[in-house]
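What follows is one structure encoded as structure tokens, with my remarks underneath.
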Amino acid sequence: MATLRAHEPALLDPKGPVITAIACTVGAALLLGSGGSAVYIAVRTVSEIGETGSGWTWAAAALFLVAVFVAHVGWSTVVSARMERRLTLRLAATGVDATALVLSASAAPPSNDDHEQVRLLIRVDGQGFEPFECACDLLAYLFGDAAQGSVLPARVDPETRVFTLAPVVSAQP
């Protein structure tokens, strides 16, 4: 007998239409450029396999694999950008306002871009869904002021449990 499990909560970094268009353009350029290169290398290698030494065959095989890898990166970029945009639009349309109570805050390793991060353990609660807890690594320059007991505004898709957090704007004296 199958049991229904609720979706795992997932923090979403909302993507706008311009960022999505740029990501899709870059991904398509990678996909088409390296995909075309992979086809050219494969055809040329097969057509010249008996005429040249085995050194060209191994070099062409390596180039082919690199081109296929870059094409895969391009495809993944397009697919993930479209998925994030779709989730952003769905959250804006069907999401409910909620609150996220910070249960603990600690330092986290830097992001891939060497930005300082903070790890928050939060409990998200609101209308239309069961409360849930989630650990999130967030940028310190946005969420560095969050401490245990802080309440952050959130927006949650009750069906998928995809959510966003908004930093609390501290009053400047």
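No lab work stands behind these numbers, since they all come straight from the coordinates. Since the model is a prediction, treat every value here as computed from it, not as a measurement. Note: ideal-geometry Cβ built from the backbone for every residue, glycine included; neighbour counts use all protein chains shown.
Electrostatic bookkeeping for A140 treats Lys and Arg as +1 and Asp and Glu as -1; over the other residues with beta carbon under 12 Å from its beta carbon, the sum is -3. Rounded to the nearest angstrom and listed largest first, the equivalent-ellipsoid semi-axes of the stretch 86-173 from its Cα gyration tensor are 23, 15, 13.
Against the main long axis of the alpha-carbon atoms of the chain, helix 54-94 sits at an angle near 30°. Among S106, L138, P14, pick out the residue whose Cα is farthest towards the positive end of the charge dipole of the chain, where Lys and Arg carry +1 and Asp and Glu carry -1 on C-beta, about the Cα centre. Working it through, the farthest residue towards the positive pole turns out to be P14. Could you tell me the calculated FRET efficiency between N112 and W56, based on Cβ-Cβ distance and R0 = 30 angstrom, to the nearest 0.05? After rounding to 0.05, the efficiency reads 0.20.
Computed from the C-beta positions of E133 and I22, the FRET efficiency with R₀ = 41 Å rounds to 0.75. Given their separation in residues at 0.36 nm each and the Cα-Cα distance between them, V73 and R86 gain 2.7 nm when the chain is fully extended. In this simple spin-label approximation, T99 and H7 carry label points 7 Å from Cα along the Cα→Cβ vector, and these lie 2.5 nm apart. Per residue, the Cα convex hull of the chain amounts to 202 Å³. Legend: P(r) of the stretch 53-117 from all alpha carbon pair distances, 5 Å bins from 0, whole percents, reading 3, 12, 8, 9, 12, 17, 12, 7, 7, 5, 4, 3, 1, 0.
A Förster radius of 45 Å combined with the Cβ-Cβ distance from L32 to D125 puts the calculated FRET efficiency at roughly 0.45. Normalised by the number of residues in the chain, the average gap of Cα pairs under 8 Å and 6 or more apart makes the relative contact order 25 percent.
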